[in-house]
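In what follows, a single structure is set out as structure tokens and then discussed.
The values are calculated or read from the model by the stated rules, or taken from the named source; none is laboratory data. Note that the structure is predicted; figures quoted are calculated from it, not measured. Cβ: placed from backbone, ideal geometry, glycine included. Neighbour counts: every protein chain shown. Heads up: the accessible areas ignore ligands, DNA and RNA and are worked out on the full protein's heavy atoms, side chains in. Shrake-Rupley method; radii C 1.70, N 1.55, O 1.52, S 1.80 Å.
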Amino acid sequence: MSPSPEQQVVDVGGRRLRLTHLDKVLYPATGTTKAEVADYLVRVSGPLLAQLRDRPVTRIRWPHGTGDPQQFFEKNAPGGTPSWVRTARVRATGTDDEHVSARSRGTVVTFPLLDDVAGLVWAANLSALELHTPQWRVGDDGDPLPPDRLVVDLDPGEGAGLAQCAAVALAVRDRLADDGLEARPVTSGGKGLQLYAPIAGDQPGPVVREYARRLAEGLARDAGRWVTATMTKSRRGGKVLVDWSQNHTAKTTITPYSLRGRARPTVAAPRRWDEIGDGLTQLELADALARLDAEGDLLAGADGGPRLPEA
């Protein structure tokens, strides 16, 4: 019996995958298909898997493409997940207590861990366009470890834009450098950008979160005309929110190199510091691939960092 034109079985890195509807358009504005999304993930698999390594993955799925409002978040590994997809059972927590105590409360979520190219293609087949991860990894026993990176999310309010985020990013970079941290910028594929800085990974979540909060509030105090650390939308007009809350142990951030579920196939794209200025724009799938081919992984070597100063 010949295979259905709507599905095919392929070998990806020694794993057999049944792929369906590869010609389905997931980005109507550009006509980008599921097959092109899978191809993108294969081509960026090296640096993307480095970012995903040992991090539980929350997915946002668009089963009918980004032109349809029926997208949904998915934390648990869905039914039919292949047995070779590694998972981690993590207790959900609404507080920022240490991971060890957090595991004694809340519901258990069985997250997938995407370890290889086959895992990425499996996610693409489910139309999981956005891959979100926390700032911590799981150990060999599956238990959460302390955060190993600090993230500062710069989100422009109404009347502000990417140029304003770029100006704030330079100020954040300099303040982090004063404490021995090396930040690397990533345009989010949405409205703003993030800065990632590797840290020692031996301090509990609350310490990391409080450091980020002090950083944000200090910037807002010194440059309050165009920076805020307050989440309230009514107080963010014309300002850039320095969102320190992404360092809460229960929060996730779009993973660098992940696609976004927007009208066009934008990407959370690592950038050079010499690009961070007035002319900064978000990048799309083809741009990200061309830059990766030309410049390599701009996040390579961003492992290990200093301990954070505590108040």
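Listed values, structure above:
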read-out	value
Asp274 paired with Thr20, simple spin-label distance in nm, labels 7 Å along Cα-to-beta-carbon	4.9
Whole-percent carbon and sulfur share, accessible surface of the range 81-230, 1.4 Å	48
Karplus-derived HN-Hα couplings along the range 124-140 (A = 6.51, B = -1.76, C = 1.60, θ = phi - 60°), whole Hz, x at Gly and Pro	4, 5, 8, 6, 7, 7, 9, 10, 10, 9, x, 8, 10, 10, 9, x, 4
Spacing of the two label points (7 Å from each Cα toward its C-beta) at Asp287 and Ala263, in nm	1.5
Chain lengthening between Asp68 and Trp226 when straightened (0.36 nm per residue, less Cα-Cα)	53.4 nm
Alpha carbon Rg of the range 127-231, scaled by the compact-globule rule 2.2 N^0.38 Å	1.15
Note, ³J(HN,Hα) from phi for the range 37-43, Karplus 6.51, -1.76, 1.60, rounded to Hz, x at Gly and Pro	5, 4, 4, 4, 5, 5, 6
Computed over the range 171-311, Cα set: Rg, Dmax in Å	15.6, 44
Cα centroid of the range 153-209 to Cα centroid of the range 7-65, whole Å	28
Mean residue ellipticity (222 nm) of the chain, computed from DSSP H runs ≥ 4 via -39,500 (n - 2.57), nearest 500	-7500 deg cm²/dmol
Amide H contacts under 5 Å for Tyr27, placed H, 5+ residues apart	Thr32, Thr66
Set of lysines with alpha-carbon distance to Lys239 below 25 Å, sequence-local pairs under 8 removed	Lys191, Lys251
Charge dipole (debye, nearest 20) of the range 171-311; +1 at Cβ of Lys and Arg, -1 at Cβ of Asp and Glu	880
Kirkwood hydrodynamic radius over Cα pairs of the range 120-169, then Stokes diffusion coefficient at 10 °C and 1.306 mPa s, in µm²/s	110
Dipole-positive endmost among Leu49, Val172, Pro63 within the chain (Cβ charges, Cα centre)	Pro63
D_trans [Stokes-Einstein, Kirkwood Rh over alpha-carbon pairs] for the chain, 25 °C, 0.890 mPa s, µm² s⁻¹	122
Cβ charges +1 (Lys, Arg) and -1 (Asp, Glu), total dipole of the range 123-217, debye	280
Neighbour net charge for Trp62 - beta-carbon separation under 15 angstrom, K R +1, D E -1	+3
Within the chain: Cβ-based charge dipole about Cα centre, in debye rounded to nearest 20 (Lys, Arg +1; Asp, Glu -1)	840
Sequence-distant residues sharing a close amide H with Leu150 (under 5 Å, placed H)	Ala197, Ile199
